[in-house]
Amino acid sequence: MSGKNVMGTGSLQPSVSRLQQETQRLTRILEISQVLTSTLELEPLLQQILEAVTELTGTEAASVMLYDERAGDMRFVAATGRNSQELARQNIRVPITGSIAGTIFKTRQPMVIENVDTDPRHYSQVDRKIDFKTRSIMGVPLLIKERPIGVVEVLNKIDNAPFSVEDTQVLSTLAAHAAVAIENARLVNALQRAYQKLNELDKLKSDFISIASHELRTPLGLILGYASMLKEEAGDQVDEKLDVVLHSALRLRGLIEDMVNLRHIETGEAELELAEFDMRDLVQAIGNDCENLALAKAQSLTLRLPPAAVPVRADRSKVALALTNLILNAIKFTPNKGRIEVALYPRDEELWVSVTDNGPGIPPQDLERIFDRFYQVEPHMTRKHGGMGLGLSIARGMIELHGGRIWAESKLGQGSRFTFVLPVHGPPAGRSARTEPM
Ligand code: ADP
C-alpha cells in the first residue's frame, strides 16, 4: 500500500508544481492588469510590468524601447537589471539597422537569440556604456492596432537555460499590456494638448470680444447721441433715413451688449443685484414692449398670468434680459400670423415661466446645443434670420446665476417651448450676489 502511495505522489509532483507555477504566473499577470486599469501614469506602470516580466521569465534584465520617429531610432523608456537607470540617464539610443531590437521592430516578429555573441545583428555598444554583459535576448514587438511602436526585451536567463514557450507567452502577454498602457498615455496626452489649445483659443476669443466691444462702444455712443439729437431737432419733419440710422445703431448696441454680457458670465464677473419685485408685473411689461414687434408680423402674443402679484427675489434686469431674449426669438423664428404664448405660474418654492410658439421647431439633436455660444441651427451664411447665436447662452447664464434652470422642448414643424425656473426666495446660499439697499 505504502509503496503505491509513494509512487502516486511521485508522478503527481511535477504536474502539481507546474500548476503552481502557472497559477503564480497568472496571478502576477492579473495583478498587472488591475494596475493597468487603475493608473494612467505611464512610467511607473511600465516599470511594474518589466519587474513582473523579469521575475516570471527568470531573467536578469528587461527593457521597453520606443521608436522615436524624428530621430529614426529607439530609446529606452523603462528597464530593470544592473545599471538600468543609466539607459535613460545617458539617453542611450539603439539604431533600427544593426540591432536585435531594430530587427524585431522592423519585422514585427518575436525573436529569441540564445547567444548574442554569434549574432551579427547584436548592437553591443549599450553593454559597453552601462557595464553590462548581454548573453541572450528574447524580444517581442509592441504593437498598437498592428502598428509597431517599440520593442520589449528580456535578457539572460538566470540559470543559462534556453528560453521556454512559457517565457514567450509571458513576454507577449505583458508586452500587450504595455502597449495598451502606452496607447492610453498617448491618448491622454493628446487630449490634454487639445484641451490646452482649446483653452488658449477660448481666451483669445474672450480677449477679442472684450477689446472689440470696448472699442466699438465709444463711437457708437457718439452716433446714437448725435442721431437722437438730430431727431429731436427735426421734430415732426423727421426724415425716415434718420430713423434707420437710429434703429441700426440701437441694434448694434444690442449686439455689443450681448457680447459684454456673455463675457461677464464667462469670466464670472456677472454679479446679481437682488431685490424683491413682482414677476407678473415684469412679464406684463416685457410683453407690452414686444407687442409691436409681434404685431408687425401679425402674430398673436398672449400672456397667461396668475390673478395676483407673484413676488420673487431676483435680479430684475437679468431676468428681464433672459425673458426678452426668449420672446424675441419666438417672434423672430415664428412665421407671420403665428401664435406666441407667455405663461407664468408659481410652483412650490419656484417660479415657472414659459414661452411657447407654433414656429418651425428645433431638431431634437439641437435642443441642448442651441444654448451654446454662437450656436445656430441654420448655417450662418444661408440663414434667414439675424443674430449672433448668443441670446440663449446669455439667457441660460442669467438664469443659472440665480440657481435656476432653463431648457427647450420642441416638435419639429409644430413649435417650441422654452421654460425657465427661478427659486422664489433668491439664489441658494453660496452664490455671489449683491443685495440692493432698501
Ligand atoms: P440667435 O437668435 O442670435 O441665432 P440664440 O442663442 O438666441 O441666437 O438662439 C440660438 C438658435 O436657437 C437660433 O439660431 C435658432 O436656430 C434656435 N432657436 C431659438 N429660439 C427658437 C425658436 N423659438 N424657434 C426655433 N428655433 C429657435
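Laboratory data are not the source of any read-out in this text; all were calculated from the coordinates shown. The model shown is predicted, which means the values in this text are computed figures rather than measured ones. All Cβ positions, even for glycine, are placed from backbone atoms using ideal geometry, and neighbour counts span all protein chains on display.
In order along the stretch 391-407, phi translates into HN-Hα couplings of x, 6, 5, 5, 4, 4, x, 5, 6, 5, 4, 7, x, x, 9, 9, 7 Hz, rounded to whole numbers, per the Karplus curve 6.51 cos²θ - 1.76 cosθ + 1.60 with θ = phi - 60° and x for Gly and Pro. Qualifying trypsin sites (Lys or Arg not before Pro) in the stretch 283-389, where qualification requires a DSSP coil assignment and no more than 11 other C-beta atoms within 10 Å, comprise Lys337, Lys384.
Largest first, the extents of the alpha carbon coordinates of the stretch 311-438 on the three principal axes equal 48, 27, 25 Å.
So which GluC sites (Glu not before Pro) in the stretch 233-276 end up in coil per DSSP with only 15 or fewer other C-beta atoms within 10 Å? Counting only loop positions with at most 15 other Cβ atoms within 10 Å, the GluC sites (Glu not before Pro) in the stretch 233-276 are Glu269, Glu271. Please name which of Ala61, Leu216, Met111 has its Cα lying farthest along the dipole of the chain towards the positive end, using unit charges on Cβ (Lys, Arg +1; Asp, Glu -1) and the Cα centre as origin. Farthest towards the positive pole: Met111.
Find the percent of Cα-Cα distances in the stretch 216-299 that exceed 20 Å, and round it to a whole number. Tail of the P(r) past 20 Å holds 60 percent of the pairs.
Model label sites at Glu166 and Lys337, defined 7 Å from Cα along the beta-carbon direction, differ in position by 8.7 nm. Potential lengthening of the chain between Arg304 and Glu114 amounts to 59.5 nm, from the contour at 0.36 nm per residue minus the alpha-carbon distance. Applying D = kT/(6 pi eta Rh) to the stretch 156-219, where Rh is the Kirkwood radius over alpha-carbon pairs, T corresponds to 37 °C and eta to 0.692 mPa s, the Stokes-Einstein value obtained is 197 µm²/s.
Considering only Cα atoms, the convex hull volume of the stretch 22-84 works out to 95 Å³ per residue. Legend: calculated FRET efficiency, Glu31 to Glu368, from the Cβ-Cβ distance at R0 = 41 Å, rounded to 0.05, equals 0.45. For the chain, the share of alpha carbon pairs falling in successive 10 Å distance bins from zero is 4, 15, 18, 12, 9, 10, 13, 10, 6, 2, 1, 0, 0 percent. Based on alpha-carbon atoms, the Kirkwood radius and the radius of gyration of the stretch 351-409 give Rg/Rh equal to 0.97. For the stretch 277-339, the equivalent ellipsoid derived from the alpha-carbon gyration tensor has semi-axes of 23, 13, 8 Å in decreasing order. Only helices enter the 222 nm calculation for the chain: every DSSP H run of n ≥ 4 contributes -39,500 (n - 2.57), and dividing by all residues gives -17500 deg cm²/dmol, rounded to 500. Can you check what the Kirkwood hydrodynamic radius comes to for the stretch 257-386, Cα pairs only, in Å to one decimal? This gives a value of 16.3 Å. Value of Rg to Rh for the stretch 193-252, rounded to two decimals, is 1.33; Kirkwood radius and Rg both from alpha-carbon coordinates. Counting only Cα atoms, the stretch 93-147 measures 36, 23, 16 Å along its principal axes, largest extent leading. Gyration tensor analysis over the Cα atoms of the stretch 324-390 returns equivalent ellipsoid semi-axes of 24, 16, 10 Å (largest first, whole Å).
Among the trypsin sites (Lys or Arg not before Pro) found in the stretch 144-238, those both in a DSSP coil and sparsely packed, with 13 or fewer other Cβ atoms within 10 Å of their Cβ, are Lys145. Report P(r) for the stretch 142-266: all Cα-Cα distances, bin width 10 Å, range 0 to the bin holding the largest distance, values in whole percent. Pair shares across the bins are 10, 20, 14, 11, 10, 9, 9, 8, 5, 3, 1.
Using the alpha carbons alone, the radius of gyration of the stretch 218-257 stands to its Kirkwood radius in an Rg to Rh ratio of 1.00. The HN-Hα couplings worked out from phi for the stretch 196-203 by the Karplus form 6.51 cos²θ - 1.76 cosθ + 1.60 (θ = phi - 60°) are 4, 4, 4, 4, 5, 4, 4, 5 Hz, whole numbers, x standing for Gly and Pro. For the stretch 180-326, the equivalent ellipsoid derived from the Cα gyration tensor has semi-axes of 40, 27, 15 Å, listed largest first. Dipole of the chain computed with +1 at Lys/Arg Cβ and -1 at Asp/Glu Cβ about the Cα centre; of Ala234, Phe374, Leu412, farthest Cα towards the positive end is Leu412.
From the largest down, the stretch 19-123 spans 39, 32, 27 angstrom on the principal axes of its Cα atoms. Which residue, Arg70, Arg93, Arg396, has the most motion in a Gaussian network model of the chain that connects Cα atoms within less than 10 Å? Result: Arg70 has the largest fluctuation of those listed.
Taking the empirical scaling 2.2 N^0.38 Å for compact globular proteins as reference, the stretch 57-202 has a Cα radius of gyration ratio of 1.13.
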